[in-house]
Ligand code: NDP
């Protein structure tokens, strides 16, 4: 006879848009869900749907085997730990698995993992790669890192968040390393896109007219991405098959000039050009764009062409 396991109890700390979406997905999947937030009234709708109010951070951490925290940053998680430890007689926290779905940098995340460890908490880190509205749907994508045993123990419960859950390794900071690199891609792309819309607008091209062409250009970046990644990892930088950095810097120069002519700040593009110029000055003029990843990764900035080598 197949035994049906009833959905495991979970606790969610943090009721911003993401924390609420997480708690909502657990409730929808039938998990008994305890919630806590610094500002209590943000939990009202979830309480009406059957969630239970924890009363305090310590009670929330003590409420069950799996606790999710999703707040603004690692400092806020520390503040929650501090509040729990402020209760009389506490020097350690309840032994529970804490899945931290709060975004922060890899270094800060490792510090938090070490503190959780000292306090007796079993720590798994996660980075959410999708917006709050996607939580509970197939579109969800969450990257996890930390002890694989914790991921395996709770993956069935975490599946209530939907979509794909990918474990990247035992280093608790590894998911944050992916997250920060991907967010850099996302926000520099969005900033570049807004810059292009601004330039187009100054030339009486509405954003909606440019949009289908911009979409095609973004698709080109997506198409080029796997080949560039393979070249970077293999150390192949020849620009003979693609645009050389000499050609890239000339093209960026034309764009900077056009931006100035149109009265739009060229700062975003100028920074990109500075990086390419530094690589060219260091002797990489015949290389492809893949060289930039290797060059910048050596610790060169776009401001020190003299130091580059
Ligand atoms: P916010 O990033 O705005 O975080 C708000 C939450 O943090 C609230 O619960 C707030 O409590 C709490 N908080 C802030 N400071 C403290 C503190 N000192 N002590 C205790 N709690 C504190 O909201 P989101 O829910 O949108 O994001 C949560 C995390 O999820 C962030 O790290 C974000 O980067 C990440 N994320 C969010 C996405 C989204 O679509 N929203 C997408 C992907 C990741 P209070 O209500 O009392 O102010």
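The values are calculated or read from the model by the stated rules, or taken from the named source; none is laboratory data. As the structure is a computational prediction, the values presented were derived from the model and not from experiment. Here the Cβ positions follow ideal geometry from the backbone for every residue, glycine too, while neighbour counts run over all protein chains shown.
Worth a mention:
- Single condition residue 148 does not satisfy, out of (1) within 16 Å of the ligand (Cβ to nearest atom); (2) in contact with a strand residue (DSSP E or B) (Cβ under 7 Å, 6 or more places away or on another chain): (1)
- Residue match in segment 74-81 (condition: out of contact with any strand residue (DSSP E or B) (no Cβ under 8 Å at 6 or more places or on another chain), touching a residue at least 24 places away in the same chain (Cβ under 8 Å) and assigned to a loop (DSSP other than H, G, I, E, B)): no
- Within segment 145-251, helices (runs of 4 or more DSSP H) holding 1 or more residues that are closer than 27 Å to residue 117 by Cα: 148-158, 174-202
- Of the residues in segment 106-127, not one is buried (at least 16 other Cβ atoms within 10 Å of the Cβ), within 14 Å of the ligand (Cβ to nearest atom) and in a loop (DSSP other than H, G, I, E, B).
Conditions tested, residue by residue: (1) buried (at least 18 other Cβ atoms within 10 Å of the Cβ); (2) under 22 Å from residue 186 (Cα atoms); (3) modelled with pLDDT of 95 or more.
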site	(1), (2), (3)
217	no, yes, yes
241	no, no, no
252	yes, yes, yes
262	no, no, yes
269	yes, yes, yes
287	yes, no, yes
301	no, yes, no
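- So residue 83, is it touching a helix residue (DSSP H, G or I) at 6+ places or on another chain (Cβ under 6 Å) and more than 20 Å from residue 129 (Cα to Cα): yes
- When each of 58, 47, 98, 85 is tested for being within 16 Å of the ligand (Cβ to nearest atom) and surrounded by 21 or more Cβ atoms within 10 Å (Cβ to Cβ), the lone residue that passes is 98.
- Among the residues of segment 43-61, those identified as in contact with a helix residue (DSSP H, G or I) (Cβ under 7 Å, 6 or more places away or on another chain), outside any strand (DSSP E or B) and without any contact (Cβ under 8 Å) to a residue 40 or more places away in the chain are 46, 49, 50, 51, 58.
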